[in-house]
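One structure, as structure tokens, below. Some questions next.
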Amino acid sequence: MQCLKCGHKNPGTIAYCRKCGAKMDFTAEEIAGSLAETARKETAASTEFYSKQALTFAAIVFLLSLTLFVLSLGAPEGSYYMPALSRSARHVKVEFKLDPQVQKLSVPLEIRKR
């Protein structure tokens, strides 16, 4: 609560101003209103803090999932050129083949039940 004489901000539970000593004669409704306003400000501050924290967490999760998505696309098919380690050669041609087919092994039923 602010002092009417000097304008100093004081807690709502004191009877005299801490700066000038003027009597703080407020009604119970004014004190309750001041306490409710303080509670509203504290709630708004904590809500803002937690919303910023949630937004930061969501951005990190999004960037991580985007990175994992890009990495999961795999290597390109066929061949591509990459820089060589020696100074005389310009590029090295690299060829690779991805063979995802795996042969199924036939396992007897007795072994699978164990």
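The values are calculated or read from the model by the stated rules, or taken from the named source; none is laboratory data. Everything numeric here is computed off the predicted structure, so don't read it as measured data. Methodologically, a virtual Cβ is constructed for each residue, glycine included, from the backbone with ideal geometry; neighbour enumeration extends over all protein chains shown.
Considering each of 30, 42 in turn, give the residue that is closer than 29 Å to residue 16 by Cβ and touching a residue at least 24 places away in the same chain (Cβ under 8 Å).
Of 30, 42, the one residue that is closer than 29 Å to residue 16 by Cβ and touching a residue at least 24 places away in the same chain (Cβ under 8 Å) is 30.
Still on this structure, please answer the following. Scan segment 26-65 for residues that are over 30 Å from residue 13 (Cβ atoms) and modelled with pLDDT under 90 and jot them down.
Once the filter is applied, which keeps residues that are over 30 Å from residue 13 (Cβ atoms) and modelled with pLDDT under 90, segment 26-65 yields nothing.
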